[in-house]
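The structure is given below, and queries will be raised subsequently.
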Amino acid sequence: NAGVMQNPRHLVRRRGQEARLRCSPMKGHSHVYWYRQLPEEGLKFMVYLQKENIIDESGMPKERFSAEFPKEGPSILRIQQVVRGDSAAYFCASSPTGGFPGANVLTFGAGSRLTVL
Amino acid sequence: KQEVTQIPAALSVPEGENLVLNCSFTDSAIYNLQWFRQDPGKGLTSLLLIQSSQREQTSGRLNASLDKSSGRSTLYIAASQPGDSATYLCAVRPPDTGGFKTIFGAGTRLFVKA
């Protein structure tokens, strides 16, 4: 079991470019969560997805950010027209299919570190 | 609104010392509390998960306790080692909106000196 896989691990973009971060959940997991960790801060919830559905995106900035989890393939966090303030570590987590999400252990990926020049 | 606070923010101890990391949360209505370890530039490793009906969990030299009524959890590390140096994060899962929105503390940075 390869765990939660995120790529790229490091991404450098210039202001105004687009960033795409990918997350493949653990085998058997269909719940995916994205968190952002700004420098010297704790992790903040961004969005919760299940296959083909956004369940809650209350932590996503209203503009430029979007997320998807298609039927096939990884979940993608997309940031359009990046600004310096988007520089952060973006973590993906997954939890098992079935059961009650609130009771399940979150398994995190190693994160994708975005640097905006 | 649920908030999680971790004290101290940073801690430096000599090797072999037993230590306690503290976590407090403002709303006692939680599904569970999870302690994580984060190494610099790396992801999060789950250490212990305590369900709301439980009082403590143990794994090796780690013991985590949960007192929901007072909104507190402690992570006890016995006989600390340099390899324990990392940031320790406490996270709770509140029941609103289905319990999936985990709230994290800012962490305690631990440095164990050889």
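Is it the case that A:R15 is more than 10 Å from chain B (Cβ to nearest Cβ) and either among the hydrophobic types (A, V, I, L, M, F, W, C) or part of a strand (DSSP E or B) (or both)?
When the stated conditions are applied, A:R15 does not pass them.
So in the stretch A:37-52, with the set limited to residues that are open to solvent by 30 Å² or more (accessible area, probe 1.4 Å) and without any contact (Cβ under 8 Å) to a residue 24 or more places away in the chain, which one is farthest from the other protein chains (Cβ to nearest Cβ)?
A:E52
Let me ask something else. Check the stretch B:56-65 and report whether any residue there is modelled with pLDDT of 95 or more, under 23 Å from A:V4 (Cα atoms) and either out of contact with any helix residue (DSSP H, G or I) (no Cβ under 7 Å at 6 or more places or on another chain) or among the charged types (D, E, K, R) (or both).
Within the stretch B:56-65 (the criterion being modelled with pLDDT of 95 or more, under 23 Å from A:V4 (Cα atoms) and either out of contact with any helix residue (DSSP H, G or I) (no Cβ under 7 Å at 6 or more places or on another chain) or among the charged types (D, E, K, R) (or both)), the answer is yes, since at least one residue qualifies.
Quick check on the stretch B:73-82. Is at least one of its residues part of a loop (DSSP other than H, G, I, E, B) and under 27 Å from A:A88 (Cα atoms)?
Checked against the condition, which is being part of a loop (DSSP other than H, G, I, E, B) and under 27 Å from A:A88 (Cα atoms), the stretch B:73-82 yields no hits at all.
Could I ask something else about it? Among the residues of the stretch A:27-36, is there at least one that is away from every other protein chain (no Cβ under 14 Å) and open to solvent by 50 Å² or more (accessible area, probe 1.4 Å)?
Scanning the stretch A:27-36 turns up at least one residue that is away from every other protein chain (no Cβ under 14 Å) and open to solvent by 50 Å² or more (accessible area, probe 1.4 Å).
Can you tell me how many residues in the stretch B:69-114 are within 14 Å of chain A (Cβ to nearest Cβ) and within 14 Å of B:I30 (Cα to Cα)?
The qualifying residues number 15.
Within the stretch B:12-32, is even one residue within 19 Å of B:T87 (Cα to Cα), among the acidic types (D, E) and away from chain A (no Cβ under 13 Å)?
yes
Next up: Output the strands (runs of 3 or more DSSP E) that fall wholly within the stretch B:13-52 and possess 2 or more residues being over 24 Å from A:W34 (Cα atoms), or say none.
Those strands (runs of 3 or more DSSP E) span B:19-25.
Inspect the stretch B:43-57 for any residue being more than 14 Å from chain A (Cβ to nearest Cβ) and open to solvent by 50 Å² or more (accessible area, probe 1.4 Å) and give the result as yes or no.
yes
I'm checking my understanding of the structure. Among residues of the stretch A:18-28 that are touching a Ser or Thr at 6+ places or on another chain (Cβ under 9 Å) and assigned to a loop (DSSP other than H, G, I, E, B), which one is farthest from A:V116 (Cα to Cα)?
Among those residues, the one meeting the criterion is A:G28.
While we're on this one: Quickly run through the stretch A:53-84 and pick out the residues that are exposed (fewer than 13 other Cβ atoms within 10 Å of the Cβ) and acidic (D, E).
A:E63, A:E72
Going by the conditions given, is A:L77 within 18 Å of A:F108 (Cβ to Cβ) and more than 14 Å from chain B (Cβ to nearest Cβ)?
yes
Quick one: in the stretch A:2-11, of everything that is touching a Lys or Arg at 6+ places or on another chain (Cβ under 9 Å) and within 16 Å of A:R113 (Cβ to Cβ), which residue is most open to solvent (accessible area, probe 1.4 Å)?
Per the criteria, the residue is A:H10.
The values are calculated or read from the model by the stated rules, or taken from the named source; none is laboratory data. Note that the coordinates shown come from a computational prediction; the quantities given were computed from them, not determined experimentally. Counting neighbours? That spans all protein chains shown, and the Cβs are built from the backbone with ideal geometry, glycine included. Surface areas here come from the heavy atoms of the whole protein model, side chains and all, with no ligands, DNA or RNA. Shrake-Rupley method; radii C 1.70, N 1.55, O 1.52, S 1.80 Å.
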